[in-house]
Structure formats: structure tokens, C-alpha cells
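The values are calculated or read from the model by the stated rules, or taken from the named source; none is laboratory data. Quick caveat, the model's predicted, so the values are computed rather than measured. No Cβ is skipped: glycine too gets one built from the backbone with ideal geometry, and neighbour counts run over all protein chains shown.
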């Protein structure tokens, strides 16, 4: 009888585990890098959203001779959509009259965590900071 010799050209378990560890390290590095870029992008979008709302509040004041009591008045006046009153993290922008730095008003996004204060992606973004 003819006996055929079979050879197995597969990876061993330690080789597969080594490849998985290397892929995991690469993926975690990419995730951290892209995650930081996404946070930076959302902060830029929040700054642009605040600037747009500042412009709309200024237009409201010019047309009516007074500041709105709340941001929703801009929506009620048909000046801006309701979704524009939310920051990129889906938290409402905070509208203060008067502003904390002596401005007639101030708009703030509390950042990624939605709480006052914080650092990095959680830091507050304020309309009064844009004018400095």
C-alpha cells in the first residue's frame, strides 16, 4: 500500500498569539491617535457653533433692540434650528446674560463631559475666550 505523508503548513498557537498581540498594539495606537483628532475636531466645531450663535444673538439684538432672554428665542424667531442649539456632544450651549467677563452675554460649551471646568477635551469653550 501507498502511504501518503501529509504535512501541515499552518501557524502554531504561539505564532497566532504573537500576531494578535502585534495587531492589538497597532489598533490601540491608531485608536488613541484618531480619538484625539476626533476630540480636536469636535472642539473646533463647538467654537464655530458658538461663533454662529454669537452672530445670531447680535442680529436679534440689532433687530429687536434687546438681547434674547434664552437661546430658544432664536429658534422661535426662525433665525436658527433647534439642533444648532446643541454642541457636538449633544449638550445644550449655555447662554448667560451678562457674561462672566463683563460682556453683555456669553455662550459656553462645557466640552465632552458636559460639566463646567475640565481639561483637554472636557475643557469649557467660551465666546469670551474667542475675543481675547
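Restrict the check to the stretch 62-77 and report whether at least one residue is assigned to a helix (DSSP H, G or I) and either in contact with a strand residue (DSSP E or B) (Cβ under 7 Å, 6 or more places away or on another chain) or within 23 Å of residue 112 (Cβ to Cβ) (or both). Talk me through it step by step, then tell me what you get.
Taking the stretch 62-77 as the starting set, the residues that turn out to be assigned to a helix (DSSP H, G or I) are 62-64, 72-76.
Pick out the ones that are also either in contact with a strand residue (DSSP E or B) (Cβ under 7 Å, 6 or more places away or on another chain) or within 23 Å of residue 112 (Cβ to Cβ) (or both) and you get none.
Within the stretch 62-77, none of the residues are assigned to a helix (DSSP H, G or I) and either in contact with a strand residue (DSSP E or B) (Cβ under 7 Å, 6 or more places away or on another chain) or within 23 Å of residue 112 (Cβ to Cβ) (or both).
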Restricting to the stretch 67-85, what's the tally of residues that are within 14 Å of residue 52 (Cα to Cα) and exposed (fewer than 15 other Cβ atoms within 10 Å of the Cβ)? 3
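On the given criteria, is residue 97 surrounded by 13 or more Cβ atoms within 10 Å (Cβ to Cβ) and more than 23 Å from the chain's Cα centre (by Cα)?
yes
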For the list (1) under 14 Å from the mean Cα position of the chain (by Cα); (2) crowded, with 16+ Cβ neighbours inside 10 Å, I need the number of the one condition that residue 92 fails. (2)
Quick one: which of 53, 20 is surrounded by 10 or more Cβ atoms within 10 Å (Cβ to Cβ), modelled with pLDDT of 85 or more and in contact with a strand residue (DSSP E or B) (Cβ under 6 Å, 6 or more places away or on another chain)? 53
Note on the stretch 83-107: residues without any contact (Cβ under 8 Å) to a residue 24 or more places away in the chain and either in contact with a helix residue (DSSP H, G or I) (Cβ under 6 Å, 6 or more places away or on another chain) or in a strand (DSSP E or B) (or both) are 86, 92, 94, 96, 106
